[in-house]
Structures are given as structure tokens and as C-alpha cells.
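Have a look at the structure below, then the notes.
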Amino acid sequence: WLLLAGSLLGAEHTTDSLDEVRKQLAAEKAVLLDVREPVEWQEGHLRQATSLPLSRLRKGIDHAELKKLLPEGKILYAHCFAGVRCL
């Protein structure tokens, strides 16, 4: 997890268009990660999203489980309510 966090320190919001994001997801070249909390997820979420709350990431997550959720070689699109937590 620490290696992942270190590599994301320079992360920025995507400049990909919504059509491009949809295309990458449809082609299974990308993963859509929802980092909102469970109560937010239950209120509604995007159909193609995978839930991985930021609070869970901060507590630590098993490398094997993280690798399953975030397969290597795929684009990672993360989203939250306002765009801060996803960075």
C-alpha cells in the first residue's frame, strides 16, 4: 500500500473526456474506483464502479486484495463526491 500511495502523490484529475472514460471501461482497459464511504455508496453509485472507501485504504489493505481490485496494466479512474478524496 505504501508503494501505491507514493506513486499516487502526483496524481491529478483526468483530462479524458466522459466518452473516453466510457470507452476504456467498456473495453475493460480501465477500472472505476469509488472511494466514498459505504453509506454514500448505498445511497447510489455508478454501475461499473468498485467500492473501496478511502477510510479502508488509510487503515491498510492486504496486497493481494488490492491487486485484485486494481489489476496491473489498467487505467485507474477514481471518483468521490467532490473530487478531493479520489486524488
(request) Quick one: which residue in E37, E28 is open to solvent by less than 60 Å² (accessible area, probe 1.4 Å) and at pLDDT 90 or above? (result) E37
(message) So for region 52-68 (the condition being closer than 15 Å to L25 by Cα and surrounded by 10 or more Cβ atoms within 10 Å (Cβ to Cβ)), does at least one residue qualify?
(response) no
(request) Enumerate the pairs (first residue in region 1-30 and under 17 Å from H79 (Cβ atoms); second residue anywhere and part of a helix (DSSP H, G or I) and at pLDDT 75 or above) with beta-carbon separation below 8 Å, excluding pairs fewer than 6 apart on the same chain, so at least 6 apart or on different chains. (result) T14/V21; D16/Q24; A30/V21; A30/Q24
(request) Would you mind telling me which numbered condition in (1) crowded, with 17+ Cβ neighbours inside 10 Å; (2) at positive phi G73 fails? (result) (1)
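The values are calculated or read from the model by the stated rules, or taken from the named source; none is laboratory data. Keep in mind that what you see is a predicted model, and the values were worked out from it rather than measured. No Cβ is skipped: glycine too gets one built from the backbone with ideal geometry, and neighbour counts run over all protein chains shown. Surface areas here come from the heavy atoms of the whole protein model, side chains and all, with no ligands, DNA or RNA. Shrake-Rupley method; radii C 1.70, N 1.55, O 1.52, S 1.80 Å.
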